[in-house]
Amino acid sequence: MVSDVCRKQCARPTAGTRAVALIAALLVTLLALVAAVTWPRTTVAQGSGPIYTLGLDGVVSRYSIGYLERALREAEAANAEALIVRLSANGAVLRDVRGFAGQLAQARVPVVVYVAPPGTRSGAAGVWLLTPAHVAVMAPNTSFGIVEPLVQPDANASDATRELLYTEAISQLGAWSRERGRSDAWVEQAVREGVVINNEQAVASTPPTIDLVARDVNELLTTLEGRAVVLEGGETRTLRVLGRAPQPLPPTVWEQLLLLLATPTVAFLLLVMAGIAIYAEFVTPGVGVLAGLGIALLLAAAVGLIALPVRWLAVLGLVAAFGLIVADLYAPSHGAFTLVGVVIFVISTLNLFDSVQAPGVGVALWAIALVALLLIAFAATGVYLVLRTRNTPVTTGQEGLVGRLAEVRKRLDPEGLVFVEGALWRAISEDGEAEPGEWVRVTGVYDLRLTVRRLAEEPGPLERVTGEQ
């Protein structure tokens with residue numbers, strides 16, 4: 001009986017035992033929560049937004065960067081699955097594209113930079129946009145990089161300053177490449193000496209310099225499917241793009257206008273047309289329409305030129321070239337001024353933009369040749385008209401009577417009266433007498449008197465009317 005009671009008391013938990021168990025459970029739960037909060041982990045998230053695409057052509061300038069920034073903001077606001085930037089630019093303003101590279105690296109959505117179509121030479125823009133991109137892709141027969149050093153310090157900079165600039169660029173590009181798991185072996189050479197890497201070289205290196213090679217957007221989406229992308233802060237996105245249609249993010253009308261004006265060839269042609277319109281206003285002064293047109297064209301050219309690193313000495317050269325060509329119309333240089341002006345024009349145009357600050361930026365050769373030929377044709381036509389005017393016989397005033405036919409009204413013996421150009425003139429015959437009604441030809445004018453010579457044969461009716469043979 002005693003043993004049964006003892007067994008029941010021992011099996012029943014005491015209040016102290018229950019308290020200890022409760023405290024232990026709370027401690028385990030608390031430790032689990034702390035571990036869950038503080039333990040390092042990688043977050044895997046799935047984007048559910050749209051796939052955006054945009055194209056970047058021509059020259060990457062501040063206006064292009066403004067377009068890219070707006071597109072990136074819209075993609076982040078929509079939590080886009082990916083933003084695909086098709087890069088076909090052939091030149092870039094380094095201060096602008098390098099500044100945006102940092103924003104691209106910190107984007108909160110996956111950014112894919114795709115150098116396409118085949119044949120694209122993306123130059124410096126390719127370096128500064130491919131390297132920080134979450135996924136770097138190139139089409140076949142494409143390249144990035146330039147043959148000149150990517151960083152070219154001022155000639156007056158000290159050695160320490162030059163080395164600091166080199167180191168900064170190398171460190172930045174190298175860090176992005178390593179973070180993306182790509183090769184950084186090319187970076188130092190690109191910064192200090194210059195290097196051009198095509199798509200075959202980029203994928204052949206170990207590790208590869210880029211992530212993928214794709215012929216077109218469809219192949220690009222196929223190869224992107226299931227790819228893990230690490231965003232800023234450690235968040236990982238697994239791309240789900242297969243079978244989904246990308247949505248274009250076109251530039252606005254204002255952005256399109258700015259991008260057009262910042263095209264070097266367009267800005268150059270606007271500048272030339274502005275000069276022609278203003279010159280035409282001075283030559284043929286009127287109500288100011290041409291002057292207004294010239295000012296409008298000049299302002300449009302200025303909007304484009306301020307986005308590009310212009311050598312203003314070259315602009316002065318263009319003004320001097322136009323001045324020489326115009327001077328040839330008024331000075332007897334027989335085309336020498338035009339020749340010198342065209343040479344200065346071509347040299348100034350070729351050096352209009354600073355290739356150190358904007359590699360690959362320049363006026364198209366066809367535009368330079370076209371404008372040069374038009375200027376030569378304009379000057380040649382002007383010189384021809386001037387010479388023709390100088391050599392044309394005077395047809396007004398007393399000198400205009402020389403060579404005209406005159407009808408004798410009062411017998412020339414040797415002096416008498418003749419009728420010519422609607423008026424009677426005193427005249428002296430150089431070769432004998434002439435009777436009234438006969439026709440003579442004026443050979444000179446002296447002191448309000450005409451000298452005339454008899455005709456070998458009677459003039460016809462048409463000659464009598466026009467006064468010419």
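Every number in this text was worked out from the coordinates using simple rules, so none of it is lab data. Bear in mind that the values here come from a model prediction, so they are computed numbers and not experimental data. Cβ placement follows ideal geometry from the backbone for every residue including glycine, while neighbour counts extend to all protein chains displayed.
Taking R0 as 45 Å, what FRET efficiency do you get between Glu69 and His334 from their Cβ-Cβ distance, rounded to the nearest 0.05? Present the calculation step by step, with values, prior to reporting the outcome.
On the way: r = 56 Å, r/R0 = 1.25.
Once rounded, the FRET efficiency stands at 0.20.
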Test of understanding: what is the full-extension gain from Ala78 to Thr222, defined as 0.36 nm times their sequence separation minus their Cα-Cα distance? 49.6 nm
Name the long-range amide H neighbours of Thr238: under 5 Å, sequence gap of 5 or more, or other chain; modelled H, no Pro or chain starts. Ala45, Gly47, Val229
Taking H as built 1.01 Å from N, whose amide H comes closer than 5 Å to the amide H of Phe353, not counting residues under 5 places away? Arg311
Percent relative contact order for region 263-391, counting Cα pairs under 8 Å at least six residues apart, stands at 25 percent
What list of ³J(HN,Hα) values in whole Hz, one per residue of region 340-350 in order, does the Karplus curve 6.51 cos²θ - 1.76 cosθ + 1.60 (θ = phi - 60°) give from phi, with Gly and Pro shown as x? 5, x, 5, 4, 4, 4, 5, 5, 5, 5, 5
For region 81-154, one quarter of the surface area of the C-alpha convex hull, expressed in nm², comes to 5.0 nm²
Ranked packing of 415-422, 355-362, most packed first, by mean Cβ within 10 Å: 355-362, 415-422
Long-range amide H contacts for Glu438: which residues qualify at under 5 Å (H placed 1.01 Å from N, peptide plane, sequence gap of 5 or more or a different chain)? Val408
Taking 0.36 nm per residue of sequence separation and subtracting the Cα-Cα distance, how much length would be gained by fully extending the chain between Asn198 and Thr443, in nm to one decimal? 80.0 nm
Evaluate E = 1/(1 + (r/R0)^6) for Glu148 and Thr236, where r is the Cβ-Cβ distance and R0 equals 45 Å; express this FRET efficiency to the nearest 0.05. 0.75
Linear extension gain, Ala291 paired with Glu421, 0.36 nm per residue minus alpha-carbon span: 42.5 nm
